[in-house]
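Visitor: Take this structure, written in C-alpha cells, and hold onto it; I'll ask about it next.
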Amino acid sequence: RVELATRTLRDLETATARDERERVASEAMTERLGPEVEMNEAGLDVGLNVLASPWHSTREVYDLMPTDTEEHWSNVASRLHDLPKAVDGYRRTLEAEIASGRPPARRQVVAVVPQIHRAAGGFFTDLVAPAPDNLRAELDAGVAAATASYEEFARYLTEDVLPRARAHDAVGRHVYAISSRYFLG
C-alpha cells in the first residue's frame, strides 16, 4: 500500500492537470497520500489504538460491502472465511513491532480489547441476518470463523501483548504533527 502511495505521489508530481477538476483531484490525492507515507515512515501506521488501527480495518471493511445480490452475499461469506488470515497477519505485524522495540501502549491495548469483544459478540451475526437462506450455512460458518478469530485476538492482546505493552502513550510534537495531518488533513 505504501509503495503504491509513494509511486502515485511521484506520478502526481510530474502529471499535468487538464482542467480544474483534475488539479483539485491531484491536490486531494497528494494531501491524503503524503501523510499516509509519513505515517509509515514513522512507524505509526501499524500500531494498535482505539480509533484507527489495522484491526479496525478488518471490521470496518464489512460496512462498505454491498449486500444486494446473492453474489454480494457470497463475497461477504468469502471475506468472513478469510478474516482469520487478516487477523493473524496483523498479529504477526504486532509481534514484529514489539520485537523492534515499539510495543503498543498499555492504555490502548486495554481499550481495544472490549471493542474486539463487542464485535465478536454479535457484529458478524447481525451482519448476515438479512442474507438469503440458501447461503445461510456458508455465512454461518464464516461468522463462526470470524468470531473465533476475534476472540482469539482479544485473548492474545490480553495475555501476550499487555504484559509487554509500554506504560506510556506515544506522544510528542513529531508524532502529533504527523498523526494530526493524517487524521485531520
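Readers should treat all values here as calculations from the given coordinates under stated rules, not as data from a laboratory. Nothing here was measured: the structure is a model prediction, and the numbers come from that model. Note that each Cβ is placed from the backbone with ideal geometry, even for glycine, and that neighbours are counted across all protein chains shown.
Visitor: Give a residue-ordered list of calculated ³J(HN,Hα) values for the range 11-16 (Karplus: 6.51 cos²θ - 1.76 cosθ + 1.60, θ = phi - 60°; whole Hz; x for Gly, Pro).
Guide: So the Karplus estimates, Gly and Pro as x, are 5, 5, 4, 9, 6, 10 Hz.
Visitor: Working out 0.36 nm times the residue gap between residue 23 and residue 123, then minus their Cα-Cα distance, what length gain in nm do you get to one decimal?
Guide: Numbers: separation 100, 0.36 × 100 = 36.00 nm, distance 4.05 nm.
Working it through step by step, the gained length comes to 31.9 nm.
Visitor: Follow-up. Can you work out the Karplus-derived ³J(HN,Hα) for every residue in the range 155-163? Use 6.51 cos²θ - 1.76 cosθ + 1.60 with θ = phi - 60°, whole Hz, and x for glycine or proline.
Guide: For the range 155-163, the Karplus-derived couplings read 4, 4, 4, 5, 8, 9, 8, 3, x Hz, x marking Gly and Pro.
Visitor: While we're looking at this one, here's another question. Residue separation times 0.36 nm, minus the C-alpha to C-alpha distance between residue 68 and residue 92: what's the value?
Guide: 5.2 nm
Visitor: For q = 0.12, 0.14, 0.15 Å⁻¹, what log10 I(q)/I(0) does the range 1-125 give under the Debye formula with an equal point scatterer on each alpha carbon and no solvent?
Guide: Treating every Cα as an identical point scatterer, log10 I(q)/I(0) equals -0.65, -0.84, -0.92.
Visitor: Follow-up question, since we're still on this one. Determine by what factor the alpha-carbon radius of gyration of the range 73-165 differs from 2.2 N^0.38 Å, reporting the quotient.
Guide: Values: Rg = 15.0 Å, N = 93, 2.2 N^0.38 = 12.3 Å.
So the Cα radius of gyration is 1.22 times the expected 2.2 N^0.38 Å.
Visitor: Using a Förster distance of 30 Å, how high is the FRET efficiency between residue 6 and residue 52, based on the Cβ-Cβ distance and rounded to 0.05?
Guide: Details: r = 20 Å, r/R0 = 0.68.
Here the calculated transfer efficiency is 0.90.
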